[in-house]
Amino acid sequence: MTKFSTIKGFADLFEPDSTVFSMLEQTALRVFGSYGYKELRVPILEYTDLFCRSIGTETDVVQKEMFTFPDRKGRMLTMRPEATAGIMRAYIEGGCPNREGVSKLFSYGPMFRYERPQKGRMRQFHQLDCECLGAHEPQADAEVIFMLMRFLQEAGLEGLRLELNTLGCRECRPAYRESLTRYLEGLDTDKLCENCRRRMATNPLRVLDCKEPGCKALTENAPTIGESVCEPCREHFGSVKSLLDAENVPYELNSRLVRGLDYYMRTTFEVISSSIGAQGSVAGGGRYDGLVSQLGGPDMPGIGFACGMERLALMLQEKEQPVQRPDFYIACQAPEAPATAVRLAQRLRESGLAGELSFAAKSLKSQMRLASKNAARFCLLLGETELQEHSVTIKNMDTSEQVSVAFDALPAWAQSVS
């Protein structure tokens, strides 16, 4: 018989990994909700043109990494490689610009990119994504960064570094791009990697983002965007920094922190960890005031970020996670006990406790071993004597103390120990 296995780059998540992902999602719901963000769930499949237009046909994502295929009518569909494009499509199609001044949306779920699997990066990976649409003020930039850092802190992550830069705007960035292109053309381009040689013609800013040591050394003296930004962009970035300073949020300025897409502008940021290897970015974002109009909507400003959940989970695995102990385990010692145990377990769960039971009568020793293995707080013993007396013997697994409690009194006992 054929033995099936997972596809390369895809993974099953059992506990404790699944528990970490659930904790991250619950923390996001709580923290993002406190800032007024509403959850939006968008489809995994979108028309391919959506990503070509939003991400760009010259990007590695579109050219090499998307899972794309035709449907039965020949229309090209793509499994989402990132969340922002789908959220923008939903924002426009759902009429949000017409009914809301500012829309705050977040989403989470699986994304798909065909690339070489490595630590913290799979072909099916998961992201948390937040978008604030309709606000052009620097206060919106600062609040998004506050929210991201608070989320990471409440998730239990430590040793993180926030990097910050400005990318200018549509008015001042073309001059910088021209200046950077002239500088790159004056280099010994044969020493640049293949990707950077291609990016020189299609997207020169991405050359600054290259992680290859040779490329970084060769472009060390490249002109920075900060030298070219206009006064409104300079004031905007200054306001963002002042707001972060006022809240004692530490950051480092990184003039090489860029985004490869033309719609990004002004504030851009990234959160870096040194504990998960060379590709240490765990979250990144920025302002993208041109994206909504680029996708057929009105000219609305926006800023957002995305977090890779696998990378966050890798960092959390290094920390000891609190164990969620079940409250009870019902051990059945008589053939008639399991039917009664099912009903008693229901009463206990309705009273706020969590636990399991034995579906068959087994030896006391083996069931006590199971209760101990599950780290249950209490083991409820249900044998012939208990069935006759309509009671259950409850053993405290921490102190070994035992009490007898009538069936009718179990809800009151449950409340006393919850």
Does the range 377-386 contain at least one residue that is among the β-branched types (Val, Ile, Thr) and at pLDDT below 90? no
If we ask which residues in the range 369-406 are farther than 15 Å from Cys332 by Cα, crowded, with 18+ Cβ neighbours inside 10 Å and without any contact (Cβ under 8 Å) to a residue 40 or more places away in the chain, their number turns out to be 1
Long-range neighbours under 7 Å by Cβ, at least six apart or interchain, first residue within 14 Å of Lys241 (Cβ to Cβ) within the range 141-156, second of a type in the set (D, E, K, R): Asp141/Arg287; Phe146/Glu247
Single condition Arg266 does not satisfy, out of (1) in a loop (DSSP other than H, G, I, E, B); (2) closer than 27 Å to Glu137 by Cα; (3) not β-branched (Val, Ile, Thr): (1)
Asp289 versus (1) free of Cβ contacts under 8 Å to residues at least 12 places away in the same chain; (2) in contact with a strand residue (DSSP E or B) (Cβ under 9 Å, 6 or more places away or on another chain): which is the lone unmet condition? (1)
Positions within the range 57-81 being among the charged types (D, E, K, R), touching an Asp or Glu at 6+ places or on another chain (Cβ under 8 Å) and either outside the structural domain of Gly33 (by TED's automatic domain parsing) or surrounded by fewer than 19 Cβ atoms within 10 Å (Cβ to Cβ) (or both), in sequence order: Lys64, Glu65
What single numbered condition from (1) surrounded by 19 or more Cβ atoms within 10 Å (Cβ to Cβ); (2) over 25 Å from the mean Cα position of the chain (by Cα); (3) touching a residue at least 40 places away in the same chain (Cβ under 8 Å) fails to hold for Arg206? (2)
If we scan the range 156-164, do we find a residue that is more than 19 Å from Ser22 (Cα to Cα), among the hydrophobic types (A, V, I, L, M, F, W, C), surrounded by fewer than 21 Cβ atoms within 10 Å (Cβ to Cβ) and within 16 Å of the chain's Cα centre (by Cα)? yes
Give me the residue from the range 93-123 that is within 13 Å of the chain's Cα centre (by Cα) and farther than 17 Å from Gly284 by Cβ and, out of that set, surrounded by the most Cβ atoms within 10 Å (Cβ to Cβ). Gly109
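The values are calculated or read from the model by the stated rules, or taken from the named source; none is laboratory data. Since the model is a prediction, treat every value here as computed from it, not as a measurement. With ideal geometry, Cβ positions are generated from the backbone for all residues, glycine too; neighbour counts draw on all protein chains shown.
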